Structure formats: C-alpha cells, structure tokens
Amino acid sequence: MACLSPSQLQKFQQDGFLVLEGFLSAEECAAMQQRIGEIVAEMDVPLHCRTEFSTQEEEQLRAQGSTDYFLSSGDKIRFFFEKGVFDEKGNFLVPPEKSVNKIGHALHAHDPVFKSITHSPKVQQPHFGGEVSPHQDASFLYTEPLGRVLGVWIAVEDATLENGCLWFIPGSHTSGVSRRMVRAPVGSVPGTSFLGSEPARDNSLFVPTPVQRGALVLIHGEVVHKSKQNLSDHSRQAYTFHLMEASGTTWSPENWLQPTAELPFPPLYT
Ligand code: FE2
C-alpha cells in the first residue's frame, strides 16, 4: 500500500476522514461481489433471526437468541438482516440476496477472497452494510487507555446519494467519545448497553461522501458518521474493517467483540 502524501495526511487530520479513489481495481471488486453472491446463496438463516413471534415469552427467547447470535459472531461468518424482510412465518418478503444488511464479523478470517484483500489488520469487523445511524466507531471498539481506532471502508460498488453513501461531520473527531457500548452481564437481554449517550446531531453538519467502486475511505475512530437507508434499486456493497492501536493499551473486556482462542486478533506488525 502506498503511503499517504503530506497533503492527504493533513486532510485526514483536519476532517477525520479521507477518500482514496481507485484503491481497488474493478476486478478485485468483482471478485468480492462474486464471492458474496456465493456466500449469500449458501447462507443458512437461523430461525430466531427470521421469525416474528407473538407471545412475550417467545419474544424474549427470540431476543436472547438474537443477542447470542450477535455476541458470538466475532469469529464467524453470520448474517444480519434489514428490517421488514420477513413475514410472520419467517419467509422472505424480498429476494434473500437483497435482505442482508451486514455479513460479519470474520469474513477476513474464513474466506480466502476477503483474506487476500484484508491481509492482517489488528482488529477487523467486516460487513457489507446498509443504513447506519450517526456514531463514532470508537464507541464500539474500546481500549484502555483509549488508543487510536481506524476504520477502513471500501466501496465494492459505487456509493451514491441515492444508495447509501457515507456522510461525515468534518472535524468532529476532536471532541471525544460520547458513548460506549459495553457487554451486559451474561444472560442479559439485550446483551449490550451504552454508557453515555449519542448527542442529537445537527443534520445540516453532515457532508455526503459519494465515491466510486474501488474507493477506500479512511475513518478516524472518533469522527461522527452515518449512512442513510438505501431506497434505490441499486445495491451498495461495502467491505469494512477496523484497526486498533495495541501498543500501550489493553483491549477492554467490556467490548462486545472479544478475541477467541480460535481467532485471536491478528497483529498488523509482526
Ligand atoms: Fe462506522
């Protein structure tokens, strides 16, 4: 990977994000898309993730099942869906390939195509994503003391105003982390809660960041960003993961994402 130029570095430090167009070739994007198509075609959708239950007890069981499905997904390839894509019996209301909001969180570890593109970042949380409300990535990936977090977001398809491109509040990475998602005691539903809260954001401060297929967006861990729901006919696949500063820090045991014996966080520098 080429180094950033001084002006690119300055832009990143000023805005808290940086667009690098043409990072991946069209062929590399096509390979990822093809592989995702295969993975989705073979996906096994757990019942508790696609069935709407009616009684309160069943609702609680479903919530617990979903919580476990999420909290234990750090070292697996699992599927997370858009809202409203299932009927009450768990049948797809839309084509399955259009139902997925996110695939996570270990594509980089288990799939050769994604492994070859990701190499070995420190911590990865890859997904193919849809709508994401305003947040800072460091709220979800926390070290003690707070080390640097860097998000890497690669557009596998053109990301436009219509299909859910990223939006940033430039310069918002200098005001600290407003909230932190922590694990609740084992067995709790929901399985996570927040310390602090995300302040109401002035929508007019967000700047859209449409990019072409193959672009890489560097995201400072504390810059406020979001993406809107994709209401267009065009999908907007992106591959994203995170790198965490490990030197002089301890990975918080309260983070939802925990390394496992089978899949420890791969070090970037070895
Ligand atoms: Fe993010």
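The values are calculated or read from the model by the stated rules, or taken from the named source; none is laboratory data. Just so you know, these numbers come straight off a predicted model, no measurement behind them. A quick note on method: Cβ atoms are made from the backbone with ideal geometry, for glycine too, and the neighbour counts reach across all protein chains shown. Ligands, DNA and RNA are excluded from the accessible area calculation, which covers all protein heavy atoms including side chains. Shrake-Rupley method; radii C 1.70, N 1.55, O 1.52, S 1.80 Å.
Some points to look at:
- Taken over the range 198-215, the criterion of being within 14 Å of the ligand (Cβ to nearest atom) and closer than 14 Å to Thr240 by Cβ is satisfied by Thr209 alone.
- Apart from one condition, Lys226 fits all of (1) of a type outside the set (Ser, Thr, Tyr); (2) touching a Pro at 6+ places or on another chain (Cβ under 7 Å); (3) farther than 22 Å from Glu82 by Cα; the exception is (3).
- A single member of Val85, Val113 is on the phi < 0 side of the Ramachandran plot, open to solvent by 20 Å² or more (accessible area, probe 1.4 Å), β-branched (Val, Ile, Thr) and modelled with pLDDT of 80 or more, and it is Val113.
- Screening the range 163-191 for residues that are more than 16 Å from the ligand (Cβ to nearest atom) and in contact with a Lys or Arg (Cβ under 9 Å, 6 or more places away or on another chain) and picking the one that is nearest to Val113 (Cα to Cα) gives Asn163.
- Strands (runs of 3 or more DSSP E) enclosed by the range 137-205 - at least 2 residues per element that are farther than 30 Å from Ala31 by Cβ, in contact with a strand residue (DSSP E or B) (Cβ under 7 Å, 6 or more places away or on another chain) and open to solvent by less than 30 Å² (accessible area, probe 1.4 Å): 179-183
- Any chance Leu166 is aliphatic (A, V, I, L, M), in contact (Cβ under 8 Å) with a residue 40 or more places away in the chain and in contact with a Leu (Cβ under 9 Å, 6 or more places away or on another chain): no
- Verdict on Thr240 being closer than 30 Å to Arg35 by Cβ, away from the ligand (no atom under 13 Å from the Cβ) and either among the β-branched types (Val, Ile, Thr) or in a strand (DSSP E or B) (or both): no
- Breaking point among (1) among the aliphatic types (A, V, I, L, M); (2) part of a loop (DSSP other than H, G, I, E, B); (3) modelled with pLDDT of 80 or more, for Ile103: (2)
- The single condition among (1) in contact (Cβ under 8 Å) with a residue 60 or more places away in the chain; (2) farther than 18 Å from Asn101 by Cβ that Leu205 does not satisfy is (1).
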